[in-house]
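Comments concern the structure below.
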Amino acid sequence: MSSALLSPATRSDIATRDLVIACHIAGPADGPAAVLCHGFPYDVHAMVAAGERLATGGWRVVVPYMRGYGPTRFRDTATLRSGQQAALAHDLLALIDALGLDRPVVAGFDWGGRAACIVAALWPERVGGLVSCGGYNIQNIATADTPLAPEQEARLWYQFYFHGARGRAGLRDNRARLARLLWSQWSPTWRFDDAVFHQTAPAFDNPDFVDVVIHSYRHRFGLVAGDSRFEATEAALAEQPVIEAPAIVLDGAASGLFEVTDTAGLAPHFSAPFEHRVLPGVGHNPPQEAPAAFADAVMALGG
């Protein structure tokens, strides 16, 4: 399955302090910019249809591989392979800086949505808007030990699995099978086939994938220390900062991971105008399951 957005001609490797970020860039250089960020366990293929819709519509589209995925690489062997939320946000901010993007719309889901939310919350002057799948996606680590309803705890089995050595070994040895299982559980109405999954699966062969993923799911529960360089950012996130950038929140009504966010409950997290759109029949991965709705949300913030 070929894609104009993911052709070799659109591939760039962007050097930042910590990473060489592999990304695909398409659309007119003078168009409004959007950075589309994937989550775990997905990759840039989640953004293809939405990104091509945006590029055709005159947008400058940047689709990066997150740290630990695909061709993105750490620059220094000594750098902690952190998956903490502050690291993801600083990666996104560094990419915006390196590319000289002028107040792009930042958009994503899962890990990518978290990075976008944090940049929009802590550096709102740097972005033109936020599209967040799943609501206010900034972790509150101080409350990580507070149990949720048993039904929700069961959905988070993979996070608890990754807390131990057995889960780390399971991810290392069965990364593709585990990812496919999660896709099926989180998006029960999405009828993806082998070809769609096997486009993404090679991204998990990144040599840092296991370390970054395990660190992410341990750090968010306070089980391991983060990168000391991000302590100030983590302290700011512990205050659960309000998002000041204009935002659109997308929720998949058929998600097998989280229930639809309560609109009234979202309001205190946003000080600028925000809109909450619920997508019927869509699961955890709106950009790939409903690319037109995702792209339209980005475009709505570009006026």
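The values are calculated or read from the model by the stated rules, or taken from the named source; none is laboratory data. Keep in mind that what you see is a predicted model, and the values were worked out from it rather than measured. Heads up, the Cβs are rebuilt from the backbone with ideal geometry, glycines too, and the neighbour counts pull from every protein chain shown. When the accessible area is computed, the model is the full protein with side chains, heavy atoms only, and any ligands, DNA or RNA have been set aside. Shrake-Rupley method; radii C 1.70, N 1.55, O 1.52, S 1.80 Å.
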Quiz item: Tell me, what ³J(HN,Hα) does each residue in region 54-71 have, in order and in whole Hz, if you take phi through Karplus 6.51 cos²θ - 1.76 cosθ + 1.60 with θ = phi - 60° and put x for Gly and Pro?
Solution: 5, 4, 5, x, x, 8, 8, 10, 10, 10, x, 7, 5, 4, x, 10, x, x
Practice problem: Report the calculated FRET efficiency for Thr77 and Arg166 (r = Cβ-Cβ distance, R0 = 35 Å), to the nearest 0.05. | Solution: 0.85
Self-check item: Distant-in-sequence amide H partners of Gly226 (H built 1.01 Å from N, under 5 Å)
Solution: none
Practice problem: With an 8 Å cut-off on Cα pairs and a minimum separation of 6 or more residues, tell me the relative contact order of region 1-108 in percent. | Solution: 34 percent
Practice problem: Output ³J(HN,Hα) for region 264-269: one whole-Hz value per residue in order, computed from phi by the Karplus curve 6.51 cos²θ - 1.76 cosθ + 1.60 with θ = phi - 60°, and x for Gly and Pro. | Solution: 5, x, 6, 3, x, 8
Quiz item: Non-local amide H neighbours of Glu275 (under 5 Å, H modeled in plane, Pro and chain starts lacking H): which ones?
Solution: Ala247, Ile248, Val249
Quiz prompt | For region 44-51, Karplus couplings with θ = phi - 60° (6.51, -1.76, 1.60), whole Hz, Gly/Pro x | solution = 4, 4, 4, 9, 4, 5, 5, x
Quiz item: Given the C-alpha centroids of region 111-130 and region 133-177, what is the distance between them in whole angstrom?
Solution: 23 Å
Practice problem: Calculate what fraction, in whole %, of the accessible area of the chain sits on carbon and sulfur atoms when a 1.4 Å probe is rolled over the protein chains. | Solution: 53 percent
Self-check item: log10 of Debye I(q)/I(0), alpha-carbon scatterers only, for region 38-121 at 0.11, 0.26 Å⁻¹
Solution: -0.30, -1.52
Exercise. Counting only C-alpha contacts under 8 Å and six or more residues apart, can you give the relative contact order of the chain as a whole percent?
Key: 23 percent
Quiz prompt | Under-5 Å amide H pairs with Leu80, H placed in peptide plane, nonlocal only | solution = none
Quiz item: Could you give the nm distance between label points at Arg103 and Ala15, where each point is 7 Å from its Cα heading toward the beta carbon?
Solution: 3.1 nm
Practice problem: Give the relative contact order (percent, whole number) for region 50-179; include only Cα pairs under 8 Å separated by 6+ residues. | Solution: 15 percent
Quiz item: Between Tyr136, Ala169, Ala55, whose Cα lies farthest towards the positive end of the dipole of region 40-186 when Lys and Arg beta carbons carry +1 and Asp and Glu beta carbons carry -1, centred on the Cα centre?
Solution: Ala169
Exercise. Using only the Cα atoms, work out Rg/Rh for the chain, with Rh taken as the Kirkwood radius, to two decimals.
Key: 0.92
Self-check item: Estimated 222 nm signal from helices in the chain, with DSSP H stretches of n ≥ 4 weighted -39500 (n - 2.57), rounded to 500
Solution: -10000 deg cm²/dmol
Practice problem: State the antiparallel share, in %, of DSSP beta bridges confined to the chain, rounding to the nearest 5. | Solution: 30 percent
Self-check item: Neighbourhood net charge (11 Å Cβ-Cβ; Lys/Arg +1, Asp/Glu -1) for Ala46
Solution: -3
Quiz prompt | Counting all C-alpha pairs of region 107-247, share separated by more than 17 Å (%) | solution = 69 percent
Quiz item: What whole number of Å gives the distance from the Cα centroid of region 226-303 to the Cα centroid of region 1-61?
Solution: 20 Å
Quiz item: Hey, got the dipole for the chain? About the Cα centre, +1 on K and R Cβ, -1 on D and E Cβ, debye to the nearest 20?
Solution: 620 debye
Quiz item: Where only protein heavy atoms count, and the probe is 1.4 Å, what is the accessible area per residue for region 1-133 in Å²?
Solution: 31 Å²
Quiz item: Say each of Ser271 and Arg191 gets a label point 7 Å from the Cα, pointing the same way as Cα to Cβ; how far apart are those two points in nm?
Solution: 4.7 nm
